[in-house]
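Nothing in this text is a laboratory measurement; each read-out follows from the coordinates by a stated rule. Everything quoted here is computed from the prediction, not taken from an experiment. Neighbour counts are summed over all protein chains in view; Cβ atoms, including those assigned to glycine, are modelled from backbone coordinates with ideal geometry.
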Amino acid sequence: MTLYRRSLFLLFCLALFASPALAETSLWQIRDGDRVMYLGGTVHVLAAADYPLPEEFDQAYEQADRLVFETDMQAINSPAFQLQMMQRLTYNDGRTLKDELGSKAYDALQAYSRKRSLPMAMLEQFRPAMVSLVIVMTELERLGINGAGVDEHFHRRAQADGKPVSQLETPQAQLEFIAGMGRGQEDALILNSLRDAEQVADMMAKIKAAWRSGNRAQLVELGLEPMRHDYPALYQDLLVKRNQAWLVKLERILKDADTELVLVGALHLVGREGLLEQLRARGYKVIRQ
């Protein structure tokens, strides 16, 4: 599993996603007259045991002429982009992590590094956002959650089947969202990441169960509201602003004659500012699959 997909998973854990309590899965059909688009909420990283995916996703894939992802899936897995990400998330100005964290957060991280046998000298070179990613990576590996998520699964299928693909934003744009994670709240980011590390197994079980059943109410409670409260700036940057930018592109997609399957992190579908409510407010028919 690439560092980038783990990074997306961290954002997913911070924000999560939602859908009505009785939905069958996190997939919707969006209609504008005779024009059809499928909009699916994804989990960016899964375990082998999570497959096969809900059959509604396979059915939508078969009906789609084109797939649309958040970003360029091929580019984010390239060595060049992985290197760019590492350079963006490490110190290159003579500072270290200790210069940026308070003693409480730094001492807690030291204790965690000893517990998980992570070299503190390595963590010292990483910016707080990167350290949070390392914590998530470590816990996911311990749980065996290191396989392709929904996005990569269907990207591979599209490549094998020769289906065209496109994206809603550039990899560089997504990298900037990750790099800005927790800015101004570095101690809180590390302390919350360490706290959440102790609950990853339970949280993942709840997340995946809610995703498969499309339980919007539970996922909002688990993730959206805590994120809105604890990280309001990140909530605005990660969700609200991107959703607004994507809506313009989704409306353009709905105007062409093709049928598209759009796959985005399921957190983007939900809540008052989620894509589903925004599309419904603009007059499109939103049909649960």
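Which entries of 255/285; 241/285; 249/285 show an alpha-carbon separation above 21 angstrom in the structure shown? Can you show the working numbers first?
On the way: 255/285 14 Å; 241/285 23 Å; 249/285 17 Å.
Table pairs above 21 Å Cα-Cα are 241/285.
Within the same chain, lysines fewer than 8 places from residue 98 are excluded, and of the rest, those with a Cα less than 29 Å from its Cα are 115.
If I take all pairs of Cα atoms in segment 75-202, what percentage of them are more than 27 Å from each other? Could you put the intermediate results ahead of the total?
On the way: 2264 of 8128 pairs.
Summing the P(r) of segment 75-202 above 27 Å gives 28 percent of all pairs.
For segment 157-234, what class follows from the C-alpha gyration tensor (a ≥ b ≥ c being the square roots of its eigenvalues): rounded when a/c is under 1.5, otherwise prolate if a/b is larger than b/c, else oblate? Don't skip to the answer; put the middle values down first.
Details: a/c = 2.20, a/b = 1.29, b/c = 1.71.
Here segment 157-234 falls in the oblate category.
The alpha carbon centroids of segment 102-154 and segment 227-264 are separated by 28 Å. What you get for the chain, charging only the Cβ of Lys and Arg (+1) and of Asp and Glu (-1), is a dipole of about 240 debye around the Cα centre.
Given the -39500 (n - 2.57) contribution per DSSP H run of 4+ residues, what per-residue ellipticity at 222 nm results for the chain, rounded to the nearest 500 deg cm²/dmol? All intermediate terms of the calculation are to be shown ahead of the outcome.
Working: 17 runs with 155 residues, N = 289.
The helix-only estimate for the chain comes to -15000 deg cm²/dmol at 222 nm.
Of all aspartates and glutamates in the structure, those lying under 15 Å Cα to Cα from residue 206, and not within fewer than 8 positions of it along the same chain, are 50, 196, 198, 221.
Of all DSSP beta bridges located in the chain, what percent are antiparallel, nearest 5? Provide the component values of the computation, followed by the final result.
Details: 13 of 26 bridges.
That works out to approximately 50 percent antiparallel.
What percentages make up the Cα-Cα pair-distance distribution of the chain when the bins are 10 Å wide from 0? So the P(r) values, bin by bin, are 6, 29, 36, 20, 7, 1.
Of the residues 82, 119, 205, the one whose Cα sits farthest towards the positive end of the charge dipole of the chain is 119 (charges of +1 on Lys and Arg Cβ, -1 on Asp and Glu Cβ, taken about the Cα centre).
I'd like to compare 155-162, 126-133: which one has the highest average count of other Cβ atoms within 10 Å, and what's the full order after that? Don't skip to the end; give the middle numbers.
Details: 155-162: 12.8, 126-133: 23.6.
By packing density, highest mean first, the sequence is 126-133, 155-162.
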